[in-house]
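Asks: Handing you a structure now.
The values are calculated or read from the model by the stated rules, or taken from the named source; none is laboratory data. Here the structure is a predicted model, which is why all the values come from computation and not from measurement. No Cβ is skipped: glycine too gets one built from the backbone with ideal geometry, and neighbour counts run over all protein chains shown. The protein model used for the area step is the full one, side chains on, heavy atoms only, and it has no ligands, DNA or RNA in it. Shrake-Rupley method; radii C 1.70, N 1.55, O 1.52, S 1.80 Å.
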Amino acid sequence: MVRFYGVEIRNALLLGTAQYPSPAILAEAIRESGVEVVTVSLRRESGNSRAGEGFWALIRELGAHVLPNTASCYTVKEAVTTAQMAREVFGTAWIKLEVIGNPDTLQPDVFGLVEAARILSKEGFDVFPYTTEDLVVADRLIQVGCEVLMPWGAPIGTGRGINNPYGLRTLRAHFPDVPIVVDAGIGLPSHAAHAMELGCDAVLLNTAVAKAGDPVRMARAFADAVAAGRAAWLSDPIDAGDMAQPSTPVPGKAFLS
Amino acid sequence: MNVSIIGAGVAGLCCASELVDRGISVTVIERSASLGESACSWFAGGMLAPYCESESAEPAVVELSTHSIDWWDRHVSSVCRNGSLVVSAARDQRELRRFARLTREHEQLDGAALGELEPALEGRFEQGLYFPTEAHLDPRGALAELVEHVRAQGGNVRFGEEVTATELLESSDTDLVIDCRGYSARVELNSLRGVKGEMLVLKSDDLALSRPVRLLHPRHPIYLVPRGDGVFMLGATMIENNERNRISTRSMLELLSSVYALHPGFGEAEILETGVDVRPAFPDNLPAVQRRGNIYYLNGLYRHGFLLGPAMAMRIADEITGEQMQSGEIARCG
């Protein structure tokens, strides 16, 4: 279980809602995996006149908590304006804050991110910042009011898994009480389990499910993986070692049988 | 029996053609003054490519497409059975592998074979997929030919008249109405949504293609459909909103940079036109026929108007001649 701004979430898998073959398949994937939080983008979909209402209505009907995002925003101003619109459209203070710094890698502009997080937190938003695994940036985000951290695993859509396990471990150690959601770069359920085994509280992904040949089955696989990874973290896994250790003691075994 | 069809887009005109073929008296009524003015099919690619589409579409799309190419060949002159081609840049090979896994009826091509098939692309790509059984047509010419076909078979096609199905049933000798208004029927069909598409028409005197080419890309895939005489249709964005009135800078930038990546020679092409409209879609992105009393609603053809229009028209014609559907029933295709 994880708590985001006072809201208890039991399923540690969060899903994005873009790129599915159809809204019907998206809905089935959400239902089958038991996902409780979905993200949705507004910047491009809203057009000039909030023209995305048809799709947004389908998102509301999913019955999940909606976490609107500011995907495709490259400046603080764009991100703040998009967040304000998202609050009106979905009636939620939650906002997944993305301020993109590089069009090719889509990596966050952490300077703009901290600034936008400061503005939005003051305006009463519950900010979920999409950031790198940088410890100092995470510290600044918390200072300006963020109560959740969303470090990337790898660049969005690459499916490369956890590029920097050390960085995530460091974040976990420094902020034991702040929910950490690994967001982006996850390709396989094993990547998601890995993030959870490092002690992260949840995993957010989109492409790996939406673009799978069978998105519904893949969503279930990811839900199983995050549950397994979480259980492993809570079970105090053994450390890797060099010396083989027989699980049955050799002395005392009948060795001439 | 007299059937009135509201809407002269691809759905309405396919229905009208199929019904006149079966000897039924048909009148098509379109509120726009001229063909294509408010029909999203005016901006279609015109690809009859069920296998390529199955990358993201339900298997029903392939099943419903079985007779599509032959149907169009019987009704219009522009059907070109040259197959279709799918390529990706070297760094996006995973997109091509995924596409190959999710589709069938294709052949793997190496760079040399690709260059033989489309000399304009020689040396540009190391790998590609060729779907030999697919076809394409010119959507605008095809719609005009369907209008002519309906008229030649004794049907009426009238432009510049706005009527409702109820008005038609009350005031004229109409027995049945088929509502094919696309996104305009969203008030009656409340699960209908619009999916915005933006396109461009280019003219290049330097480059020629014999078949539609899709360039895969993780963010902005495109397709380019040759219309002949150096004219190409470049499409199309897929945005979850219902804006019908503007192409955005970002969309144009993405479409044009992708076509430039397909071949830099398109950098010198002329932009003849930009287009935008919304595709009417149900939540499963599959078409459906719904009967309410003496009104049939055919809608939700999404991005498959030309591909699935014939099958849906045949289905409605079967219903009308056989009266198998009950009022209130919805025939889904999933």
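Asks: Just need a number here: residues in the stretch B:210-220 that are within 14 Å of chain A (Cβ to nearest Cβ) and not aliphatic (A, V, I, L, M).
Replies: Of the stretch B:210-220, the ones within 14 Å of chain A (Cβ to nearest Cβ) are B:216-220.
From what's left, not aliphatic (A, V, I, L, M): B:217-220.
Selection size over the stretch B:210-220: 4.
Asks: Please list, ordered by first then second residue, the pairs with beta carbon atoms under 6 Å, 6 or more apart or interchain, first in the stretch B:200-229 and not assigned by TED's automatic domain parsing to the domain that holds B:L114, second part of a loop (DSSP other than H, G, I, E, B) and open to solvent by 20 Å² or more (accessible area, probe 1.4 Å).
Replies: none
Asks: Which of the residues belonging to the stretch A:33-63 are touching a Lys or Arg at 6+ places or on another chain (Cβ under 8 Å), free of Cβ contacts under 8 Å to residues at least 12 places away in the same chain and of a type in the set (S, T, N, Q)?
Replies: Listed by number, the list holds a single entry, A:N48.
Asks: Test A:A18 against the criterion of being in a helix (DSSP H, G or I), under 19 Å from the mean Cα position of the chain (by Cα), within 14 Å of chain B (Cβ to nearest Cβ) and under 23 Å from A:L188 (Cα atoms), and give yes or no.
Replies: Working: in a helix (DSSP H, G or I): no; under 19 Å from the mean Cα position of the chain (by Cα): yes; within 14 Å of chain B (Cβ to nearest Cβ): yes; under 23 Å from A:L188 (Cα atoms): yes.
No; evaluated as a whole, the condition is false for this residue.
Asks: Does the stretch A:1-42 hold any residues that are of a type in the set (V, I, T) and touching a strand residue (DSSP E or B) at 6+ places or on another chain (Cβ under 9 Å), and which are they? So that I can check it myself, show each step before the final result.
Replies: Within the stretch A:1-42, the first condition is being of a type in the set (V, I, T), and the residues that meet it are A:2, A:7, A:9, A:17, A:25, A:30, A:35, A:37-40.
Across the stretch A:1-42, the qualifying residues are A:V2, A:V7, A:I9, A:T17, A:I30, A:V35, A:V37, A:V38, A:T39, A:V40.
Asks: If I ask for residues that are under 24 Å from A:P21 (Cβ atoms) and crowded, with 19+ Cβ neighbours inside 10 Å, which ones from the stretch B:57-78 would you list?
Replies: First pass over the stretch B:57-78, keeping only residues under 24 Å from A:P21 (Cβ atoms): B:57-69.
Result: B:A57, B:E58, B:V61, B:L64, B:S65, B:S68, B:I69.
Asks: Do we have any residue at all in the stretch A:61-72 that's at pLDDT 90 or above and part of a loop (DSSP other than H, G, I, E, B)?
Replies: Start the filter on the stretch A:61-72 by keeping residues that are at pLDDT 90 or above, which leaves A:64-70.
If we keep only those that are part of a loop (DSSP other than H, G, I, E, B) too, we end up with A:64, A:70.
Yes, the stretch A:61-72 contains at least one residue that is at pLDDT 90 or above and part of a loop (DSSP other than H, G, I, E, B).
Asks: Out of the stretch A:72-91, which residues are more than 20 Å from A:S49 (Cα to Cα) and open to solvent by less than 50 Å² (accessible area, probe 1.4 Å)? Walk me through it before giving the result.
Replies: As a first pass, look at the stretch A:72-91 and keep what is more than 20 Å from A:S49 (Cα to Cα): A:74-76.
Passing the criteria: only A:V76.
Asks: Scan the stretch A:206-239 for residues that are in contact (Cβ under 8 Å) with a residue 40 or more places away in the chain and farther than 24 Å from A:T17 by Cα and jot them down.
Replies: Once the filter is applied, which keeps residues that are in contact (Cβ under 8 Å) with a residue 40 or more places away in the chain and farther than 24 Å from A:T17 by Cα, the stretch A:206-239 yields only A:P237.
Asks: Another one. Being in contact with a Gly (Cβ under 9 Å, 6 or more places away or on another chain), in a loop (DSSP other than H, G, I, E, B) and among the polar types (S, T, N, Q) is the filter; apply it to the stretch B:27-58 and report the residue that is farthest from the other protein chains (Cβ to nearest Cβ).
Replies: B:S34
Asks: One residue is enough: does the stretch A:200-218 have a residue meeting the conditions under 18 Å from A:L168 (Cα atoms), of a type in the set (G, A, S) and modelled with pLDDT of 95 or more?
Replies: Going through the stretch A:200-218, the residues under 18 Å from A:L168 (Cα atoms) turn out to be A:200-205.
Narrowing further to those that are of a type in the set (G, A, S): A:202.
Retained after the next criterion (residues that are modelled with pLDDT of 95 or more): A:202.
So far as the stretch A:200-218 goes, yes, one or more of its residues are under 18 Å from A:L168 (Cα atoms), of a type in the set (G, A, S) and modelled with pLDDT of 95 or more.
Asks: Moving to a separate point now. Check off (1) within 11 Å of another protein chain (Cβ to nearest Cβ); (2) without any contact (Cβ under 8 Å) to a residue 40 or more places away in the chain for A:T81 and give me the number that stays unchecked.
Replies: (1)
Asks: I'm trying to understand the selection: among the residues of the stretch A:194-214, which are buried (at least 23 other Cβ atoms within 10 Å of the Cβ) and either among the aromatic types (F, W, Y) or part of a helix (DSSP H, G or I) (or both)? Write out each step before concluding.
Replies: Just the residues of the stretch A:194-214 that are buried (at least 23 other Cβ atoms within 10 Å of the Cβ), to begin with: A:195-196, A:200-206, A:208-209.
A:A195, A:M196, A:A208, A:V209 - these are the residues of the stretch A:194-214 that are buried (at least 23 other Cβ atoms within 10 Å of the Cβ) and either among the aromatic types (F, W, Y) or part of a helix (DSSP H, G or I) (or both).
Asks: Just checking, which of B:L117, B:L85 is touching a residue at least 60 places away in the same chain (Cβ under 8 Å), of a type outside the set (S, T, N, Q) and open to solvent by 10 Å² or more (accessible area, probe 1.4 Å)? Before the answer, list the steps.
Replies: Values: B:L85 fails: open to solvent by 10 Å² or more (accessible area, probe 1.4 Å).
Criteria check complete, one pass: B:L117.
Asks: Would you be able to tell me the number of residues in the stretch A:132-155 that are within 19 Å of A:H194 (Cβ to Cβ) and crowded, with 23+ Cβ neighbours inside 10 Å?
Replies: Quick first cut of the stretch A:132-155, residues within 19 Å of A:H194 (Cβ to Cβ) only: A:132-133, A:149-155.
Now narrow it down to the ones that are crowded, with 23+ Cβ neighbours inside 10 Å: A:149-153.
Residues in the stretch A:132-155 being within 19 Å of A:H194 (Cβ to Cβ) and crowded, with 23+ Cβ neighbours inside 10 Å: 5 in total.
Asks: Given the conditions (1) within 11 Å of chain A (Cβ to nearest Cβ); (2) out of contact with any helix residue (DSSP H, G or I) (no Cβ under 8 Å at 6 or more places or on another chain); (3) open to solvent by 20 Å² or more (accessible area, probe 1.4 Å); (4) in a loop (DSSP other than H, G, I, E, B), report the number of the one that B:R250 does not fulfil.
Replies: Every listed condition holds for B:R250 apart from (4).
Asks: Here's another thing I want to ask about it. Could you tell me which residue of the stretch B:263-278 is nearest to the other protein chains (Cβ to nearest Cβ), considering only residues that are open to solvent by 30 Å² or more (accessible area, probe 1.4 Å) and part of a strand (DSSP E or B)? If you could, list the steps in order and put the result at the bottom.
Replies: Here is the first cut: in the stretch B:263-278, the ones open to solvent by 30 Å² or more (accessible area, probe 1.4 Å) are B:263-264, B:267-268, B:270-274.
If we keep only those that are part of a strand (DSSP E or B) as well, we get B:270-274.
Working: B:E270: 27, B:I271: 22, B:L272: 24, B:E273: 21, B:T274: 16 Å.
Checking each candidate, the answer is B:T274.
Asks: Further question: Could you look through the stretch B:179-209, keep only residues that are over 19 Å from the mean Cα position of the chain (by Cα) and among the polar types (S, T, N, Q), and pick out the one that is farthest from the other protein chains (Cβ to nearest Cβ)?
Replies: B:S204
Asks: Within the stretch B:284-295, identify whether any single residue is within 11 Å of chain A (Cβ to nearest Cβ), under 22 Å from A:P23 (Cα atoms) and in contact with a strand residue (DSSP E or B) (Cβ under 7 Å, 6 or more places away or on another chain), and answer yes or no. Full working, then the answer.
Replies: Filtering the stretch B:284-295 for residues within 11 Å of chain A (Cβ to nearest Cβ) gives B:284-286.
Next cut, under 22 Å from A:P23 (Cα atoms) only: B:284-286.
Filter again for in contact with a strand residue (DSSP E or B) (Cβ under 7 Å, 6 or more places away or on another chain), leaving B:286.
Yes, that holds for at least one residue.
Asks: Select the helices (runs of 4 or more DSSP H) contained entirely in the stretch B:82-159, then report the ones holding at least 2 residues which are under 21 Å from the mean Cα position of the chain (by Cα) and more than 14 Å from every other protein chain (Cβ to nearest Cβ). Reasoning before the result, please.
Replies: Details: elements: B:93-102, B:111-117, B:139-152.
Hits in the stretch B:82-159: B:139-152.
Asks: Which is hydroxyl-bearing (S, T, Y), away from chain A (no Cβ under 14 Å) and crowded, with 23+ Cβ neighbours inside 10 Å, of B:Y223, B:Y260? Working first, answer last.
Replies: On the way: B:Y260 fails: crowded, with 23+ Cβ neighbours inside 10 Å.
Within the list B:Y223, B:Y260, the selection yields B:Y223.
Asks: Filter the stretch B:231-247 down to the residues that are modelled with pLDDT of 95 or more and either within 9 Å of another protein chain (Cβ to nearest Cβ) or more than 29 Å from B:F282 (Cα to Cα) (or both), then identify the one that is surrounded by the fewest Cβ atoms within 10 Å (Cβ to Cβ).
Replies: Here the answer is B:V231.
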